[in-house]
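Worksheet: one structure, shown below.
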Amino acid sequence: MKKFCRTLAVAVMLTAGMIFSAPSRAADSKTHHIAIQVDQNDPALMNLVLNNVSNLMDYYHSKGEEAQIEVVAYGPGLNMLRDDKSPVKDRIKHIKNSAFPSTVRFSACGNTKQGMEKAEGHPVPIIADATVVPAGVVRLTELQERGWSYIRP
């Protein structure tokens, strides 16, 4: 009986050790948070940003890891998210309709939008896949304060 109890105790300890020391992909996995700034009305830069977004999504997905990506457009870069002028709106729609649409968010600066509306004398339409935030620079600041990685291509 003593031998049985000792064997059982060793088995329990080994099992517990394996449970608590075995690497757990879910437990070790973290969500990566990336904020990307767009402040220029340059189609090449906009496409570079969207390439970065796609590459980040593909990389982290291939590793079984989560990623949250937010593209923040302000100043002349707001043209990226204008429904009437965006040279990349079809690519944005494709990314949002991809297998991981909730991982990417597009934020349009409300201050810039108001300034453009005042200068142009009419409402500035923003693509349906974007959300207007009060201020692009404030949004970037808030994301960085929460620990998000910041990329300025």
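Here, each number is a calculation from the coordinates, and none is a lab measurement. Quick caveat: nothing in here was measured; it's all calculated off a predicted structure.
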- Other-chain or far-sequence residues with amide H under 5 Å of ALA35's (modelled H): GLU70, SER149, TYR150, ILE151
- Item | Computed Kirkwood radius, in angstrom, where 1/r is averaged over Cα pairs of the range 31-151 | 14.4
- For the range 55-126, restrict the atom set to alpha-carbon positions and state the Rg and Dmax in Å. 14.5, 48
